[in-house]
Every structure is written in C-alpha cells, then in structure tokens.
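Take a look at the structure below.
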Amino acid sequence: MGSRAADVLLQEAELLGARRIFLLVSTSLQTNTDEIDQICRALGDRVAAVHSGIPPHAPRSAVLAAAAVAREASADLIVTVGGGSVTDAGSIIALALKHDLVHHDDLEPYHVYVEDDGAVIKPQFEGPDVRVICCPTTLSGGEFNPLSGATDEVIGHKQGYEHPLMAPVSIVLDPALTVHTPQWLWTSTGIRSLDHALETLGSLQSDHFSDGMADSALRLLVSALPAVQVDPADLDARLRCQVGAWQSMLPVIGGVPMGASHAIGHILGGTCDVPHGYCSCVMAPAVLSFNLSANEHRQARISNCFGSPGRAAAELVDEFIAGLGMPRTLSAVGVGEEQFDHISEYTMLDFWARTNPRQIAEPADVRRILEMAR
C-alpha cells in the first residue's frame, strides 16, 4: 500500500520463487507510459511474456487468447497491471491453465449460474496452481474478490467464475500508477466501489463488521473522489480512494449479498457494453429509491456518511454522481427503452437479483427500476 509497483513485484517474485512471470497489462499503460518497462526492468529475466489487449468486460475469446500466451510461456505466476477487465482476465487465465481450457465452450462448466427457481449454482472444481498478483489502476475493486467475470460474447452475457484460489496472492495499491488512468474511468469506477458500500449498508443481510467497513469506505470515497478531480496529482487522495475501494469489497467477499444495482449492472455491461463504472453511476440512485420501502432504516446510515442526516440517500447519491460529471441516465450511456425487456429478463438470471432488499420476483420488477433511470 503506497509503494511503487516495480519494487513490490520484485520482492513478491523473490518471495514466491517465481521464474516465469506472465505480465497481463493495460494496452494504454504499455503504449503511452514507461510503467510496464519499469516493471520489466525490475523483474529482469523473470519475465516470460507480456500480453495486452483485453477489451472491456473480458470477452471469453480474449481471455482464452491470453491464456494461450501464458501457457506457451510456461507461466508460474500471473501479474496483472490495469483495470477491472485485466484483473478479471488474470484470474480466469489461471483457471484456464489449470484445466487446459482452450475453446469458447470449454469455459461453460465453470461459471456460476441461476436456475429457474432462483437457486444459485456454483460449480465445484480444482483451483488454479498458478497464482495471481494484481496491480489495479481503477477503483472497481474486483482484485479483492475470488469471483471474476468474463463475457460470453455468443449470448452477450457476463458470467462469474469463482474459486478461493482465484483470489490474488498479493495486491499492490500504487497510487502513482493510477495517475495515467483517464479521469472518467477513475471516477466512474470509484462510483462502482461507492455502490458496493451503498448496497452493503442497504442490505438486510449485512452485519456490524460489514456495516463498519462500508461506512468507512463511503466516507473515504465521498471525500477523496472530489479531491482527485480538483488535483489529479494528489497521491494521498488517490490512495484514500484505493483504500475506500478495498474496504468496500470486504463485505462482498465476506458474504454480504449485493442487490439490484449490481445485478442490472452486470447485464448493462456484458449485454449493452456500458462501461463498468457507468453502470453504477446510472443505477445506484434508482435502486435506492426502489428499495426505500424495504430498507429506509438502513438507508439513514448512508445519509449520515454524506454528512446530511435526514435527507434521502437517493437524492444525495444522485447529486454526488452528477457533481462529479458522471452520466445519470440510461439514455446518456446509450441504452434505449427498446432494450428494457431484454435487460429485465437477463437480470433475473443474475444471482444478486434474488438478494435485493425489496423482492424482485419477475422481469417487470426490474423494468420498474429501469424506468426510474431512463
């Protein structure tokens, strides 16, 4: 936390005895900065291959292509440097190496799915032998989660893959690495982490520890995200954002279920190609409004974190997101009303649609939320 990635990665490689490191990196970092070169120089002959080109939402084909490079390089450690899609891909590559997954349909038996009765099925399988280290450059927080997502581009559905050994063995929070992240991407993924905290504090299945982590995360992000906008070179504010993202994920990996904002967001991303962070920018206030009748007592703590007790949480979150210049409607991110039925039906297949504080029993319930955000 707070150290340069190149220095930390060399220490970690020595600790782990890694000699064949596969670097999966952001294309923009590799092309427009010397950050990847610095890492390669630090690691020296331990670098077996460097690969970039993972598109948003980690399509299966791109993940499998990267896995082929890692397999050819006989990788004994995967290091990711980049945003959420690069992070997700790294963990699924480790899974692909373990089970020799090569073709699109080879991934089919491994993803989480929901049966018609709402039961969430998590396939059981052996975890990866090759571990992952993540150096995140955005704030979505997926690096803290043993659950990673990849999009089945044949059906246009983003799906989750989960195993405890898919969680990184180490995470490097290097705020200096993030100064290259486009401002819209940094801010919008910060709202994604804000949404982790919102849905934890709104959940009827949370606990005192998780509430405390979400409360702290929310306060850090509410203060630090605007500070980075004012001064992008403020590394302390960037680190506070990173710690906020970390804290926001602890309830999620601890078992607190998310709700409709995350469930709908998975479909907006994988099916409608909406950037990951924008999904929360658009959906979070609408979901808070939809859930108010079921968790008003829980939402009061959200208002307190914004320093405005007594005001509606949905209004405060809406104002905060708009004040950061982020999109606030589905139409603003290119999603039209003609897509609502399709999004609603697919959302019912997401495991977090079934854990929303206010029951979502049918696609029409999802459509009501979409109408509020159109």
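The values are calculated or read from the model by the stated rules, or taken from the named source; none is laboratory data. Quick caveat, the model's predicted, so the values are computed rather than measured. Cβ atoms come from the backbone with ideal geometry, glycine included; neighbour counts cover every protein chain shown.
For the stretch 1-29, a residue qualifies if it is farther than 24 Å from Phe144 by Cβ and surrounded by 15 or more Cβ atoms within 10 Å (Cβ to Cβ), and exactly one does: Arg20. Pairs meeting the criteria (first residue in the stretch 289-301 and more than 16 Å from Ala197 (Cα to Cα) and assigned by TED's automatic domain parsing to the domain that holds Leu201, second residue among the β-branched types (Val, Ile, Thr) and surrounded by 16 or more Cβ atoms within 10 Å (Cβ to Cβ), beta carbons under 6 Å, at least 6 apart or on different chains) are Phe290/Ile369. Residue pairs whose Cβ atoms lie under 7 Å apart, separated by 6 or more positions or on different chains, with the first residue in the stretch 355-372 and outside the structural domain of Ser203 (by TED's automatic domain parsing) and the second of a type in the set (Lys, Arg) and not in a helix (DSSP H, G or I), do not occur.
Please enumerate the residues belonging to the stretch 72-84 that are buried (at least 18 other Cβ atoms within 10 Å of the Cβ) and in a helix (DSSP H, G or I).
Across the stretch 72-84, the qualifying residue is only Gly84.
Within the option set Gly259, Gly270, Gly277, being buried (at least 18 other Cβ atoms within 10 Å of the Cβ) and in contact with a strand residue (DSSP E or B) (Cβ under 6 Å, 6 or more places away or on another chain) holds for one residue only, Gly270. In this structure, is Val282 surrounded by 23 or more Cβ atoms within 10 Å (Cβ to Cβ), in contact with a Lys or Arg (Cβ under 8 Å, 6 or more places away or on another chain), in the same structural domain as Val317 (by TED's automatic domain parsing) and among the β-branched types (Val, Ile, Thr)? The answer is yes for Val282.
For the stretch 202-213, the candidate set comprises residues that are of a type outside the set (Ser, Thr, Tyr) and surrounded by 18 or more Cβ atoms within 10 Å (Cβ to Cβ); within that set, the residue that is nearest to Phe320 (Cα to Cα) is Gly202.
When Val69, Val63, Val79, Val25 are screened for being over 22 Å from the mean Cα position of the chain (by Cα) and β-branched (Val, Ile, Thr), only Val69 passes.
Please determine whether any residue of the stretch 286-301 is among the aromatic types (Phe, Trp, Tyr) and over 26 Å from Lys158 (Cβ atoms). No, every residue in the stretch 286-301 fails to be among the aromatic types (Phe, Trp, Tyr) and over 26 Å from Lys158 (Cβ atoms). Considering Ala233, Ala245, Ala224, Ala237, the condition of being in the same structural domain as Ala353 (by TED's automatic domain parsing), at negative phi and not in a helix (DSSP H, G or I) is satisfied by Ala233 alone. For the stretch 235-277, which residues satisfy the criterion of being closer than 23 Å to Ala167 by Cβ and aliphatic (A, V, I, L, M)? Within the stretch 235-277, Leu239, Val243, Ala245, Met249, Leu250, Val252, Ile253, Val256, Met258, Ala263 meet the criteria.
Would it be correct to say that Ala65 is over 19 Å from Val172 (Cα atoms), hydrophobic (A, V, I, L, M, F, W, C) and assigned to a helix (DSSP H, G or I)? The answer is yes for Ala65.
Looking only at the stretch 147-158, filter to residues that are more than 13 Å from the chain's Cα centre (by Cα) and touching a residue at least 40 places away in the same chain (Cβ under 8 Å); which one of those is nearest to His266 (Cα to Cα)? Filtering first and then ranking leaves His157. Do you know which residues across the stretch 326-356 are buried (at least 23 other Cβ atoms within 10 Å of the Cβ) and either more than 14 Å from Gly265 (Cα to Cα) or small (Gly, Ala, Ser) (or both)? The one that is buried (at least 23 other Cβ atoms within 10 Å of the Cβ) and either more than 14 Å from Gly265 (Cα to Cα) or small (Gly, Ala, Ser) (or both): Ala353.
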